[in-house]
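Nothing in this text is a laboratory measurement; each read-out follows from the coordinates by a stated rule. Since we're looking at a predicted model, the values are computed, not measured. Quick reminder, even Gly has a Cβ in these numbers, built from the backbone with ideal geometry, and neighbours come from all protein chains shown.
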Amino acid sequence: MPESLAVRKAAMPAVITRVHQVLDAFASRDHNGEMLTAVRHFPARDAQWADFPAWVHADLASSYAAKGIHRLYTHQAAAAETVRAGKNIVVVTPTASGKTLCYNLPVLNAILENSDSRALYLFPTKALAQDQLAELHDLNQRLENRFGVFTYDGDTPADARPSIREKGHVVLTNPDMLHTGILPHHTRWTRLFENLRYIVLDELHTYRGVFGSHLCNVLRRLRRIARFYGRDPQFICCSATVANPGELASRLLESEVEVLNSNGAPAAEKTFVFYNPPVVNRALGIRRSYINESSRVAQEFLKHDLQTMVFTNSRLHTEILLTYLQQANPQLPGKPETIRGYRGGYLPNERREISSSALMSAPSIPSSWPAIPAPSPPPGSAPAAPAAAVEALAPCWWLRLLLSINSSCVIRTIFSATPPSTPSSSPTIWKS
């Protein structure tokens with residue numbers, strides 16, 4: 001990541017004041033100490049840097065330099081070197097630590113060295129695949145379209161699929177599509193399997209329980225078919241922080257995996273608050289509905305103009321909370337929506353419109369979930385892009401607060417210390 005994302009030590013008095021005001025409001029309602037059960041503060045952390053390995057193709061290094069990436073985090077450099085050595089790896093670092101580069105760098109370098117090389121990227125959701133597709137398209141344009149990168153999922157048009165099978169150097173898909181659309185028809189994917197060098201498994205921590213056991217069987221079939229075509233691909237896995245990443249990866253892949261868990265990325269200042277809804281019937285031990293309390297808490301952030309995301313555990317709760325917050329913050333005539341929902345079940349074009357509007361709002365941030373456009377800009381200035389509720393790489397001049405309500409709903413607020421011209425904050429309701 002560019003060095004401009006290193007931790008900024010500039011003071012944020014206005015933002016900190018608003019954060020304290022919100023926490024003070026929570027504390028004023030907590031007369032018995034039963035609501036705010038824990039508050040933890042974690043200071044910001046500086047980045048640890050490493051140079052690009054000498055074997056990286058000059059054009060690829062130049063493409064990253066054009067994006068502002070002149071050096072790597074230490075864990076990115078270690079991952080690239082370990083993959084280069086031919087080992088299966090699992091990279092275990094926190095969210096927004098730049099894990100994407102850990103696999104894109106060695107994969108794209110191999111393709112530039114040998115145009116016949118192929119790679120298969122597996123993501124648990126279509127949205128993640130689309131996000132990575134945008135990053136790969138950007139690199140491909142900087143490399144003058146020297147490789148083919150495509151998604152292959154249920155949204156892929158039927159007339160495009162034959163071309164993807166032949167021209168795709170990097171194919172992005174998900175376990176369901178691999179199981180039903182690729183492995184049973186491997187004879188149509190001869191070009192891919194005969195040259196398959198890398199298989200990337202992102203979000204490895206999601207493959208647990210029954211879903212994980214199903215994926216293990218799918219990967220077993222995948223490796224058997226690859227061996228049929230004379231290939232033994234390397235696996236590059238990425239996971240959020242879990243207790244046993246090596247054991248999880250080795251059981252899924254049924255082979256030895258090297259664990260890389262030393263994080264060199266910078267970290268924003270964070271405050272974690274665990275909040276229980278207030279007791280409404282002490283005799284029966286009944287607390288206030290966490291849905292209503294989540295709406296109330298989100299409103300507290302909105303009153304202090306703090307960008308907010310609310311995570312729920314079902315589509316129904318997403319829509320309920322969305323309705324509550326929209327009713328409390330009615331849309332002004334002729335103005336765009338101030339609160340947006342995001343969940344499974346939306347049409348593909350609608351999901352991508354929501355995501356793309358967020359990307360327009362903050363070009364320096366790789367991935368974000370949208371909220372609302374900013375107020376009208378001053379006369380003569382360019383129109384403001386929609387504000388974004390950032391979920392992926394958060395530059396470390398952001399201060400984040402994570403508030404968990406009764407283990408059922410999570411509210412994340414992201415406080416920006418950017419100049420006043422930056423779009424104002426607003427909430428997004430997201431179903432993971």
Subset of region 141-152 (residues that are surrounded by fewer than 19 Cβ atoms within 10 Å (Cβ to Cβ) and either touching a Leu at 6+ places or on another chain (Cβ under 9 Å) or of a type in the set (Lys, Arg) (or both)):
142, 143, 146
Out of the residues in region 314-349 that are in a helix (DSSP H, G or I) and β-branched (Val, Ile, Thr), which is surrounded by the fewest Cβ atoms within 10 Å (Cβ to Cβ)?
323
Residues in region 230-244: is at least one among the basic types (Lys, Arg), in contact with a Phe, Trp or Tyr (Cβ under 9 Å, 6 or more places away or on another chain) and part of a loop (DSSP other than H, G, I, E, B)?
yes
All-but-one check, residue 252 against (1) within 30 Å of residue 23 (Cα to Cα); (2) surrounded by 15 or more Cβ atoms within 10 Å (Cβ to Cβ), failing number (1)
Residue check, residue 232 against (1) within 20 Å of residue 118 (Cβ to Cβ); (2) surrounded by 15 or more Cβ atoms within 10 Å (Cβ to Cβ), all met but one. Which one?
(2)
Please work out which one of (1) acidic (Asp, Glu); (2) surrounded by 21 or more Cβ atoms within 10 Å (Cβ to Cβ); (3) over 23 Å from the mean Cα position of the chain (by Cα) is the condition residue 194 fails and give its number.
(2)
Residue by residue through region 221-247, note down the ones that are more than 22 Å from residue 107 (Cα to Cα) and either more than 24 Å from the chain's Cα centre (by Cα) or without any contact (Cβ under 8 Å) to a residue 60 or more places away in the chain (or both).
221, 228, 243, 244, 247
Scan region 325-354 and report the pairs whose first residue is among the hydroxyl-bearing types (Ser, Thr, Tyr) and whose second residue is buried (at least 18 other Cβ atoms within 10 Å of the Cβ) and assigned to a loop (DSSP other than H, G, I, E, B), with Cβ atoms within less than 8 Å and a gap of 6+ or a chain change.
338/426
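Of all residues in region 29-44, which are buried (at least 16 other Cβ atoms within 10 Å of the Cβ) and under 28 Å from the mean Cα position of the chain (by Cα)?
Of the residues in region 29-44, the ones buried (at least 16 other Cβ atoms within 10 Å of the Cβ) are 35-36, 44.
If the condition is that a residue be buried (at least 16 other Cβ atoms within 10 Å of the Cβ) and under 28 Å from the mean Cα position of the chain (by Cα), then 44 is the only one that fits.
I need the full set of residues from region 45-66 which are in a loop (DSSP other than H, G, I, E, B), surrounded by 14 or more Cβ atoms within 10 Å (Cβ to Cβ) and in contact (Cβ under 8 Å) with a residue 40 or more places away in the chain, in order please. Write out each step before concluding.
First, the residues of region 45-66 that are in a loop (DSSP other than H, G, I, E, B): 46-48, 51-57.
Add one more test, that the residue is surrounded by 14 or more Cβ atoms within 10 Å (Cβ to Cβ), and what stays is 47-48, 52-53, 56-57.
If the condition is that a residue be in a loop (DSSP other than H, G, I, E, B), surrounded by 14 or more Cβ atoms within 10 Å (Cβ to Cβ) and in contact (Cβ under 8 Å) with a residue 40 or more places away in the chain, then 47, 48, 56, 57 are the ones that fit.
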Take residue 213 and decide whether it is over 18 Å from residue 150 (Cα atoms) and outside any helix (DSSP H, G or I).
no
